[in-house]
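Below is one structure; the comments refer to it alone.
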Amino acid sequence: AEADDGLLDQAAAEPGEANLVGTQAPSSGASAADGERKAVHGKIVGIIKRNWRQYCGSVDERDVAREVRSENVLVLPVDPKIPKIRIRTKQLDAIKDQRILVAIDSWDRFSSFPSGHFVRAMGAIGDRTTETAVILHEHDIPTREFSRQVMKCLPKEGKEWVVTPENSVGRTDLRHLPVCSIDPPGCKDIDDALHVRALENGNIEIGVHIADVTHFV
């Protein structure tokens with residue numbers, strides 16, 4: 001069948017997708033050779049919505065090394081699956097050594113690269129704090145402050161909360177062991193720890209500890 005836009009209808013992957021532009025209900029004919037269902041094939045006929053987001057990257061080294069500077073530069077995203085993004089900027093000297101955040105605005109059909117714009121600088125390339133922020137952003141890990149609803153789950157004593165016999169019912173007290181946190185300095189959730197001790201039989205005991213966060217939530 002011919003669609004309204006002149007595109008030949010293709011079989012949809014699922015019956016529920018048959019109302020999309022350029023699709024029709026998938027066929028389910030049987031193979032004459034072995035009686036198995038035929039594989040359903042199709043092709044992309046249009047993009048309903050682009051799943052663009054903001055991308056972390058850095059200015060292409062070739063643009064930085066040019067003797068004659070241009071306002072149009074290419075940004076190399078951290079994600080290798082994303083092509084270089086062309087942006088227009090007058091502050092190349094300020095961002096050439098920075099991890100930057102860019103957004104895609106459009107992609108001309110005759111261009112090898114999408115066009116976008118500079119959002120903000122994230123910090124110096126190679127800096128631990130900067131690279132950590134890049135990893136968190138690229139994996140869509142939220143770093144915003146906790147909401148009031150979450151904060152209400154904390155003990156009303158706040159920082160004055162202490163272990164008591166009442167809140168320790170059903171738990172084993174291991175405070176006599178040399179337990180040390182393995183979380184890095186500045187970490188907001190100090191919840192991982194280890195202990196090591198020699199046993200009377202000559203063996204070495206290694207204990208792995210994790211905070212029971214669900215006790216407070």
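Here is how the numbers come out for the structure above:
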read-out: Restricting segment 189-205 to residues that are open to solvent by less than 80 Å² (accessible area, probe 1.4 Å) and in a loop (DSSP other than H, G, I, E, B), the residue that is nearest to Thr132 (Cα to Cα); value: Asp191
read-out: Residue count, segment 152-188 (criterion: surrounded by fewer than 10 Cβ atoms within 10 Å (Cβ to Cβ) and either of a type in the set (S, T, N, Q) or in contact with a His (Cβ under 6 Å, 6 or more places away or on another chain) (or both)); value: 3
read-out: Residues of segment 202-217 satisfying the condition of being over 28 Å from the mean Cα position of the chain (by Cα) and in contact (Cβ under 8 Å) with a residue 60 or more places away in the chain; value: none
read-out: Residue count, segment 114-152 (criterion: within 30 Å of His215 (Cβ to Cβ), over 18 Å from the mean Cα position of the chain (by Cα) and not charged (D, E, K, R)); value: 5
read-out: Selection status of Trp107, within 23 Å of Pro185 (Cβ to Cβ) and in contact with a Pro (Cβ under 7 Å, 6 or more places away or on another chain); value: no
read-out: Yes/no for Gly42 being out of contact with any Ser or Thr (no Cβ under 8 Å at 6 or more places or on another chain) and over 30 Å from Cys187 (Cα atoms); value: no
read-out: Segment 83-102, residues that are farther than 17 Å from Arg66 by Cβ and out of contact with any Lys or Arg (no Cβ under 8 Å at 6 or more places or on another chain); value: Pro83, Ile85, Gln98, Arg99, Val102
read-out: Qualifying residue in segment 141-149 (condition: in contact (Cβ under 8 Å) with a residue 12 or more places away in the chain and out of contact with any Leu (no Cβ under 6 Å at 6 or more places or on another chain)); value: no
read-out: Unique match (being touching an Asp or Glu at 6+ places or on another chain (Cβ under 7 Å) and of a type in the set (D, E, K, R)) among Arg88, Arg62, Arg53; value: Arg88
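The values are calculated or read from the model by the stated rules, or taken from the named source; none is laboratory data. Note that the coordinates shown come from a computational prediction; the quantities given were computed from them, not determined experimentally. Please note: Cβ atoms are built from the backbone with ideal geometry, for glycine as well, and neighbour counts cover all protein chains shown. Each accessible area value is taken on the protein alone, full model and side chains, heavy atoms only, with ligands, DNA and RNA left out. Shrake-Rupley method; radii C 1.70, N 1.55, O 1.52, S 1.80 Å.
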